[in-house]
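Taking it in order: structure first as structure tokens, then the write-up.
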Amino acid sequence: MTFPNKQPSAQKFEVGDVIATHVEGNIVIRKHTSGSFTALVDGEPMPARQYLIEIRNTLGLPDKATNTTRSLGAQVFGKLGK
């Protein structure tokens, strides 16, 4: 996965295969074998955290002490049963 507007050394990282997805309009949240969560917005890779927060809030899930991308993704995907 490559993020736009990042330093070349920080652009790529390995997240593993996609094992689950959730679609919200033009946003696809993907869960990976590594436990990471990524987002595609209109097909472009974007950091998933802000979208996971929005989905969590829409689902009425509680705010947790740690709102890392992984904890948010686990909370959202746990509620969605994915």
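All of the numbers you see were taken from the coordinates with simple rules; none came from a lab. Just so you know, these numbers come straight off a predicted model, no measurement behind them. Cβ sites come from the backbone with ideal geometry, for glycine too, and all protein chains shown count toward neighbours.
List of remarks:
- For Ala48, nonlocal amide neighbours, meaning residues 5 or more places apart or on other chains whose placed amide H falls under 5 Å from its own, are Ala39.
- Gain on full extension, evaluated as 0.36 nm per residue between Ile53 and Ala65 minus their Cα-Cα distance, stands at 3.0 nm.
- Sorted by Cβ density within 10 Å, fewest first, the residues Leu61, Leu52, Leu40: Leu61, Leu40, Leu52
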